[in-house]
1. For the subset of segment 109-144 comprising residues that are modelled with pLDDT of 90 or more, open to solvent by less than 70 Å² (accessible area, probe 1.4 Å) and in contact with a helix residue (DSSP H, G or I) (Cβ under 6 Å, 6 or more places away or on another chain), which member is farthest from Leu24 (Cα to Cα)?
2. Just wondering, is there one or more residues in segment 106-117 that are free of Cβ contacts under 8 Å to residues at least 12 places away in the same chain and touching a strand residue (DSSP E or B) at 6+ places or on another chain (Cβ under 9 Å)?
3. For residues in segment 28-42 being buried (at least 18 other Cβ atoms within 10 Å of the Cβ) and assigned to a helix (DSSP H, G or I), which is nearest to the chain's Cα centre (by Cα)?
4. Counting just the residues of segment 91-108 that are of a type in the set (Gly, Ala, Ser) and at pLDDT 90 or above, which one comes out nearest to Lys68 (Cα to Cα)?
Amino acid sequence: MNGDPFDGHPGGRDRARRRGQGELEAQVLAALHRAPGPATAAWVQDHLGDDLAYTTVMTILSRLHAKKAVTRERVGRSYAWTPAADEAGLAALRMRRVLDSESDRDAVLASFVSALSAQDERLLRALLERATGEGPGAAESSGD
């Protein structure tokens, strides 16, 4: 054995632990949010501060593009990537993905709502009223 941390054996990775796809996606999105503008995969790879392969970064960016979490535009022979939404929009996307992955949406939503603080519950109620155009909160701002 040559001491290579990637020696082909399970658990042979000394430098990096295995992360879930969601964690990598979050790291790539965070890097894109720090970018001064549209960023290439190489820029993202350099700014992750990790030993991720370029192909791994490209795979994650492609998955994010398929999920409509990032946009891309052709620049020469490669792409420049941009987050499709701000941090709040991306958090909402993650919440929807979690909800979509559960078999009992009613139970998940009921559990989520029952765990909200009183302030968050009022805010959610006002946002729902405004979205449906019903109730006293429909014309009010929720910033009280």
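The values are calculated or read from the model by the stated rules, or taken from the named source; none is laboratory data. Please read all numbers here as calculations on a predicted model, not as lab measurements. Don't worry about glycine lacking a Cβ; one is built from the backbone with ideal geometry, like all the others, and counts go over all protein chains shown. Accessible surface is based on the protein model in full, side chains and every heavy atom, while ligands, DNA and RNA are left aside. Shrake-Rupley method; radii C 1.70, N 1.55, O 1.52, S 1.80 Å.
1. Applying the filter and picking the extreme gives Glu129.
2. no
3. Leu29
4. My answer is Ser103.
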